[in-house]
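One structure below.
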Protein chains: 2
Amino acid sequence: MTIKTSKAPYLPEPAPKIDRRKAPKKKQAILDAAEATFVQRGYYGSSLRDVALAAGVPQALVSYHFGNKEGLFRAVVERRAPANAAGMRQSLQEAVKVRSRAARLEAVLRAFIAPVVERSMRGGQGWKNYIRLLGHIANLPQQEAFVMPVPENYEAVVLSFIEAIRSIYPELSEADLQWSFYFYQAAIAHILIESGVIDRQTNGAFKSSDLDKLLPKLVSFFTAGFQSFVKAAGR
Amino acid sequence: MTIKTSKAPYLPEPAPKIDRRKAPKKKQAILDAAEATFVQRGYYGSSLRDVALAAGVPQALVSYHFGNKEGLFRAVVERRAPANAAGMRQSLQEAVKVRSRAARLEAVLRAFIAPVVERSMRGGQGWKNYIRLLGHIANLPQQEAFVMPVPENYEAVVLSFIEAIRSIYPELSEADLQWSFYFYQAAIAHILIESGVIDRQTNGAFKSSDLDKLLPKLVSFFTAGFQSFVKAAGR
DNA sequence: GTCTATAATGGGATAGAC
DNA sequence: GTCTATCCCATTATAGAC
């Protein structure tokens, strides 16, 4: 049931999205610092002072570039969103080519998480921070007072994965499909944070930061969950 | 494979843990207000002003009763922890009595989440807020600067569930056991928050707040995931 | 235990020089 | 674009009367 895949050509990216001629170095430094600060202490727990200090710039420069705190947060999330969403779309395109239905399901589930893990593990510290931040954002109630920039960036991509699974197993009831994928997203939201719960529970024998080891288990485990509903629907 | 269980006698509780003679009403009002505020806006996003206002007391009373903000947060988490952990322990005791191995696994997985869902859905607004707050806390990186009161309260309970599964299927490898349970915890951490992602993705057809509908699907889905590792180990 | 008043700090944001 | 200096506000926490 498990499919071997090559090391996935998500990284290095073909070209940086940012036009280095116009983009001021300090603006990028602020984004990097903000990314790290927000993921460590959350939105309200992070002060613009801390961000500016970490970036090595005066506070006023943050306001100049991003207007206010909310603008900074949105900019952090949106900077890497296009590349990340594109990576997910691309991996889905490959996955749906798999022949057999069972293997295709597993490939689609892997395609949802593999490019993200790839960036987190081998994309550098910036990507690591960004992916963890995405995990945090995914765990925010959607009616949050401040910004929720994620939906616009990722919602369509998520829906396309759900559609892909539906087209593999049309006999799956809408409820089983939606709940199953929700469970998958739910687990991933926590996993991406790398909270350290499994580290503590196993005295360090297993590490929540070891996404490379976790990934094949995750895909295999959730494929079985989906398949159990498929089999139940077939009866 | 699915086991029917009666409506679970977790609520109403036999007796309130709090001695109503000594406990000042206002102190409880503050805890209720803090519970609601923390879950809505997070720790750093909540001000003691807001809490005091919501509780209908002056700010100073909060400091008097709980010392500081961190003390208030700890008190909120710890107030309901003994009753909640006891409910989980009790449900585990019942679950391990199930005869067949397959059914016992499913019963143990249900026992982990059922009493919590029961309190969230039928324990009143206070319990609803508390359970959501637990979800948020579970998603915090453990090396958080401030308080992490959960481990002491719940860690032993979690370990006893893992032990129970290990004793059902000793042939399961340590890695499969730990990763599987981690996936289960991860999904639950997000689900308890009732973030609203599935609501948005399905235009309201499915609701993350509908824990009653979700629960049997969740248990069934994750049982299949565990069983797939059991079967793989048996070969 | 409960309250009013206030101290002391740190926060986001802006004015204006360079 | 970048900087220094500063304003104004919200926040936590405490002092002290009742």
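The values are calculated or read from the model by the stated rules, or taken from the named source; none is laboratory data. Keep in mind that this is a model prediction, so the values were computed, not measured. FYI the Cβ positions are ideal-geometry reconstructions off the backbone, even for glycines, and counts take in every protein chain you see.
List the residue pairs whose Cβ atoms are under 7 Å apart, where the first residue sits in segment B:172-194 and is assigned by TED's automatic domain parsing to the domain that holds B:Pro216 and free of Cβ contacts under 8 Å to residues at least 24 places away in the same chain, the second is part of a helix (DSSP H, G or I) and among the small types (Gly, Ala, Ser), and the two are 6 or more positions apart or on different chains.
If the second residue must be part of a helix (DSSP H, G or I) and among the small types (Gly, Ala, Ser), the pairs left are B:Ala186/A:Ala187.
On the given criteria, is A:Glu106 within 16 Å of DNA strand D (Cβ to nearest atom), within 14 Å of chain B (Cβ to nearest Cβ) and not basic (Lys, Arg)?
When the stated conditions are applied, A:Glu106 does not pass them.
Residues in segment B:112-122: is at least one touching a residue at least 60 places away in the same chain (Cβ under 8 Å) and over 19 Å from B:Val157 (Cα atoms)?
Yes, there is a match, as at least one residue in segment B:112-122 is touching a residue at least 60 places away in the same chain (Cβ under 8 Å) and over 19 Å from B:Val157 (Cα atoms).
Looking at A:Lys97, A:Lys128, which is the one that is surrounded by fewer than 17 Cβ atoms within 10 Å (Cβ to Cβ), in the same structural domain as A:Ala164 (by TED's automatic domain parsing) and either more than 18 Å from A:Val219 (Cβ to Cβ) or without any contact (Cβ under 8 Å) to a residue 12 or more places away in the chain (or both)?
The unique qualifying residue is A:Lys97.
Considering only residues of segment B:39-93 that are within 14 Å of chain A (Cβ to nearest Cβ) and touching a residue at least 40 places away in the same chain (Cβ under 8 Å), which is farthest from DNA strand D (Cβ to nearest atom)?
B:Val39
Being assigned to a helix (DSSP H, G or I), among the β-branched types (Val, Ile, Thr) and facing another protein chain (nearest Cβ under 8 Å) is the filter here; which residues of segment B:189-222 pass it?
B:Ile191, B:Ile193, B:Val197, B:Ile198 - these are the residues of segment B:189-222 that are assigned to a helix (DSSP H, G or I), among the β-branched types (Val, Ile, Thr) and facing another protein chain (nearest Cβ under 8 Å).
Quick test of your reading of the structure: A:Asp32 fulfils all but one of (1) away from DNA strand D (no atom under 16 Å from the Cβ); (2) surrounded by 15 or more Cβ atoms within 10 Å (Cβ to Cβ). Name the failing condition by number.
Answer for A:Asp32: the failing condition is (1).
Based on what the data block shows, is B:Pro141 in a loop (DSSP other than H, G, I, E, B) and either modelled with pLDDT of 95 or more or more than 12 Å from chain A (Cβ to nearest Cβ) (or both)?
It is false that B:Pro141 is in a loop (DSSP other than H, G, I, E, B) and either modelled with pLDDT of 95 or more or more than 12 Å from chain A (Cβ to nearest Cβ) (or both).
Applying the selection to segment A:193-213, what residues are under 15 Å from A:Arg110 (Cα atoms) and crowded, with 24+ Cβ neighbours inside 10 Å?
Within segment A:193-213, no residue meets the criteria.
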